[in-house]
Every structure is written in structure tokens, then in C-alpha cells.
Amino acid sequence: MTAKQTPLYQQHVDAGAKIVDFSGWQMPVHYGSQLDEHHAVRQSAGVFDVSHMNIVDLHGTGSKAFLQHLLANDVDRLKNPGKALYSCMLMDDGGIIDDLIVYFMNESWYRMILNAGRHDKDMKWINSSRHDFQNVRLSERPDLAMLAIQGPQAIERFSSLLSDEAADRVAELAVFQACEIDEVFIARTGYTGEDGLELILPGNDAVDLWQQLMMADVKPAGLGARDTLRLEAGMLLYGLDMDETTSPLVSGLGWTVAWQPESRDFIGRRALQAVKRDSHLQRMVGLLLTGRGVLRSHQQVQFADGSSGEITSGSYSPTLARSIALARVPATVKTGDSCKVDIRGRPVSAIVVKCPFVRYGKPCIETEQK
């Protein structure tokens, strides 16, 4: 099967990007220096092409009731047009099919942003789950492109391209709030731990906006920097930190499960209630390597009491200049506990820390070598 290309593919090639296959899409992993791209987002502004994400609109008066059944979080919390909610979509046994953002636009229009790599599974599940719900129409939007402009100067530099009136509307957006301006869906959301915007616009307009952003000194950034940025921010990645075999309760996502009202029978609720009563739950923590090496997914973690866990995501942190990781460990593990990580058969010292590691460009933890 031929890999798909976003409307910005040629722009990436012309900029010298290293192109890789990502979930069936030809995507830029970096434009020469992943490190420089990471720092650009932390210190000024960078832009990611995320047009591979699956944008799905739900229309009809039954959309709200359907989403209350489909999602672990409750869309009834969304009262104001443009407000967003992060949620997991669960299997009957509580395993995570995907994590997503849903926007409430009006009483008969919701917009979901799902992961590209889960497209087929997601759409099959969503369609099979709506049989008992009337007045719900699904519409995938491959005609749209999506850009993520992130960094402490992201909003200012994007707003320089707008009229004063439009710039004022963008400035008024609260975090996890969206609006539409001249056919551009603008949301104050992101996946980097920095302030910024995610834009959804007609694919035919994407190249022009990309070029304008380059002229406004917004740096292009690839998937490599996106991964180290989200890891520093303590944000999970589907397929590594969560999947169909894990529930939100052992993935640091218990806060996304809306238990009230008790009458809301969302998919996976009964399974989660049973797991919630289990006193042997695991939990997600951050790890900071204090010895030498690089933390990677699937490395084993050993604690002094004989208990163990496993790293789900790990990498070098450009901001901290240290190796960091997310790990699933026994619930008894506490922040500050020391542990050993098996790195190629060699036990290396690490310490349990509270996430995020970095927020708004500033370290959130002590990083002195021990």
C-alpha cells in the first residue's frame, strides 16, 4: 500500500526533511536537527504538520447521547461552544482503543481528533457502537489539514498574520477552547507542554499558511521533536504508554474517567469499576536517570522491596540534558523512591519523580546528578 501524503508533503521535501513512514503516512521526522527543533519550540515557536490525524465530525441531535456512551469522559461537561475535552475511548473490558480530543461546537455538532495509527480500528468501533443511537451522522474530514503551532511566542507570531479583530479573538481563547475564523478552526491546545494553537483548515489553503508561518519566523519541527517535547511534558503516547491491554486507571489517566452521574453507562464502565476495587493497581510515574545511559521503552525497573515495573516511554531530554522516562510501576511506589533500570543487562540508578518534567519551558524537577 502506498503511503499517504499530507498537503504539505512537498514543503517538507523542499525544506530538506528526513521523511519516514508513520502510520501509513510519509511524514517529516526532522529537518536537519531534532535538537534545534525541540529547543525552538521550548524557546520561541515551532510548527508541526499533523494533517495525518483523523478528524471526525459528528452531526445530529443524538450526537451528545452517543458520545456520552462512547467515551469515558463526559461531554456533558462541555457547556460553551468551542470547549474541548480529553478522553479515552474504551473497549468493553476497559482497555484503551484510543485517546482523543472532542470539541463541542453546538448542540448538534461535535468534532473529534483521533490518532492516525488507530484510524481503521477507531472507525470500525465507532460505527459499530452507534447502532442504538438515532440522529447521529459521522463525517470523516480528509479534505482538511491540521497544523500545530507551539511555543512561548507561537500565538504572537501566528496572530501577526491576522487582522486586529481576529488576533483579539485568538488572544481571548482559554486553554482547551476553540473558535472559527474565516474557515480556520483555531484551538488553544497542543502536545508539547508549551502554549500554542492547533489549526484545522481546508487542505488547499495549507501551503499558503505554512509559507506565511515560515516568513513569521515559526520554525518547522518534525515528529522526533514532537516526541521528546511530549515526553518532557509527561504526555502519553498511544501504543507505548497505553493500548488495548491497559486501562486508564493504570495509565495515569484516571482523571479522564467521569464516574458521575452513575446512570451514565459508558462503554467499559463496569470493567473499570471492577479494576478500581483491586488493591494491586499499578500507576504511571516519571523516572529520572541518575546514572549513565539512555532510558528506553520496555526496560525493566527494579525496586528495593523486590517489586518491579517497566518503562513505557523513554528518551534523552534536551531541556534537562538528562535521560527521562515514563514507567508503569506498582501503586505502592512513591515519588522520591530510588530504583534500578536494566540497561542492556546493567543495573543503572534512577529516581521516581512527579510529572511533568518540563512545563512552559521550565524544569519541574531537580536535575543535579546524584
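At a glance:
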{"item": "Candidate set: the stretch 213-256, residues that are on the phi > 0 side of the Ramachandran plot and of a type outside the set (D, E, K, R); chosen: the one surrounded by the fewest Cβ atoms within 10 Å (Cβ to Cβ)", "result": "Gly239"}
{"item": "Residues that are farther than 26 Å from Pro318 by Cβ and among the aromatic types (Phe, Trp, Tyr), drawn from the stretch 208-256", "result": "Trp255"}
{"item": "Which listed residue, of Ala65, Ala40, is part of a helix (DSSP H, G or I) and closer than 28 Å to Val358 by Cα", "result": "Ala40"}
{"item": "Test result for Asp57, surrounded by fewer than 17 Cβ atoms within 10 Å (Cβ to Cβ), at pLDDT 95 or above and not aliphatic (A, V, I, L, M)", "result": "no"}
{"item": "Any strands (runs of 3 or more DSSP E) falling wholly within the stretch 262-370 and containing at least 2 residues that are within 21 Å of the chain's Cα centre (by Cα)", "result": "282-289, 308-317, 322-330"}
{"item": "Positions within the stretch 257-294 being under 19 Å from Lys354 (Cα atoms), surrounded by 17 or more Cβ atoms within 10 Å (Cβ to Cβ) and in contact with a Pro (Cβ under 9 Å, 6 or more places away or on another chain), in sequence order", "result": "Gln282, Arg283, Gly286"}
{"item": "Count - residues of the stretch 8-37 that are outside any strand (DSSP E or B) and more than 30 Å from Val75 (Cβ to Cβ)", "result": "17"}
{"item": "Within the stretch 159-180, considering residues that are in contact (Cβ under 8 Å) with a residue 12 or more places away in the chain and polar (S, T, N, Q), the one surrounded by the fewest Cβ atoms within 10 Å (Cβ to Cβ)", "result": "Ser160"}
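The values are calculated or read from the model by the stated rules, or taken from the named source; none is laboratory data. Here the structure is a predicted model, which means the values were calculated and not measured. Backbone-built Cβ (ideal geometry, glycine too); neighbour counts: all protein chains shown.
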